[in-house]
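These notes are about the structure you will find just below.
The values are calculated or read from the model by the stated rules, or taken from the named source; none is laboratory data. Only a predicted model underlies this, so the values are computations on that prediction, with no experimental measurement involved. Backbone-built Cβ (ideal geometry, glycine too); neighbour counts: all protein chains shown.
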Amino acid sequence: MSTYETILQRRTIRKFKQAAIPDQILEKFVNAARVSPSAGNLQPLEYVVVRNVELLEAVFKHLKWAAYTAPEGTPKENEKPAAYIIILANNSIGSTNVPYDLGAAAMSILLTAWEDGMGGCWIRACDKKGLKKLLGVSEAFDVDSVIALGYRDEAPVMEENDTDVKYYKDKKGVLHVPKKSTRTVTHWDQF
Ligand SMILES: Cc1cc2nc3c(=O)[nH]c(=O)nc-3n(C[C@H](O)[C@H](O)[C@H](O)COP(=O)(O)O)c2cc1C
């Protein structure tokens, strides 16, 4: 699969098969994040990888899923993620570009997971203070994002829509994700 194909096919996944992800694969995901672009190459991001069964359940309780389809979009007992990568920002480094570094790192994880037959959900609606305490994160770091990961157990579809941004589930439970058209978002030479 080309990078472009992976980018087009990747969708947010919120239903996962109940199979563990090997540690070396999780390490590969962190590695993809580690080498992502970083403003000034300051590299303020670090990662907590969670795959311990009790901790998985504890982290899950701190997350909010799929606001547009709530409560339907929250993974059920047999659909929960197999692992989390929690992205931390080191404040003592003083980067003014953490959100940009973070976007690049998160996307690297999501694309690498997709290419390897897995999927993920980038979650920012979470109890960051609670997660910081739960995971024993040192004072200098902020919890910013959680990437929920696992083997895909749903196949969301993308559809073009210039007027509605809300994703929805159809009668068969398939998630539909609207995206604005190329025509709408592209300005050739002049706006
Ligand atoms: C910065 C950011 C934060 C997000 N936070 C959440 C979240 O808290 N919970 C959730 O279920 N999805 C979250 N998402 C996933 C979006 O809902 C999803 O990317 C969007 O619906 C488009 O779907 P797609 O990823 O399949 O293209 C987040 C995505 C981004 C980029």
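At a glance:
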item: Looking only at the stretch 7-27, and only at residues there that are away from the ligand (no atom under 16 Å from the Cβ) and assigned to a loop (DSSP other than H, G, I, E, B), the one that is surrounded by the most Cβ atoms within 10 Å (Cβ to Cβ); result: ILE21
item: The lone exception for ALA155 - which of (1) of a type outside the set (Lys, Arg); (2) more than 13 Å from THR69 (Cα to Cα); (3) touching a strand residue (DSSP E or B) at 6+ places or on another chain (Cβ under 8 Å) it fails; result: (3)
item: Of residues in the stretch 67-83 being within 15 Å of the ligand (Cβ to nearest atom) and in a helix (DSSP H, G or I), the one nearest to ARG51 (Cα to Cα); result: GLU79
item: Selection status of PRO156, within 27 Å of TYR4 (Cα to Cα), surrounded by 15 or more Cβ atoms within 10 Å (Cβ to Cβ) and free of Cβ contacts under 8 Å to residues at least 24 places away in the same chain; result: no
item: Enumeration of residues in the stretch 105-137 that are small (Gly, Ala, Ser) and crowded, with 16+ Cβ neighbours inside 10 Å; result: ALA105, ALA106, SER108, ALA113, GLY119, GLY120
item: Residues of the stretch 160-172 that turn out to be surrounded by 12 or more Cβ atoms within 10 Å (Cβ to Cβ) and more than 11 Å from the ligand (Cβ to nearest atom), as a count; result: 3
item: Residues (of a type in the set (D, E, K, R) and at pLDDT 95 or above) located in the stretch 37-88; result: GLU46, ARG51, GLU54, GLU57, LYS61, LYS64, LYS76, GLU77, GLU79, LYS80
item: Looking only at the stretch 66-83, and only at residues there that are among the hydrophobic types (A, V, I, L, M, F, W, C) and out of contact with any strand residue (DSSP E or B) (no Cβ under 7 Å at 6 or more places or on another chain), the one that is surrounded by the most Cβ atoms within 10 Å (Cβ to Cβ); result: ALA66
item: Enumerated strands (runs of 3 or more DSSP E) restricted to the stretch 89-190, each holding at least 2 residues that are farther than 23 Å from PHE60 by Cα and modelled with pLDDT of 95 or more; result: 157-160, 175-179
item: ILE86 surrounded by 12 or more Cβ atoms within 10 Å (Cβ to Cβ), in the same structural domain as THR112 (by TED's automatic domain parsing) and within 14 Å of the ligand (Cβ to nearest atom); result: yes
item: Subset of the stretch 73-93 (residues that are within 18 Å of the chain's Cα centre (by Cα) and of a type in the set (Val, Ile, Thr)); result: THR74, ILE85, ILE86, ILE87
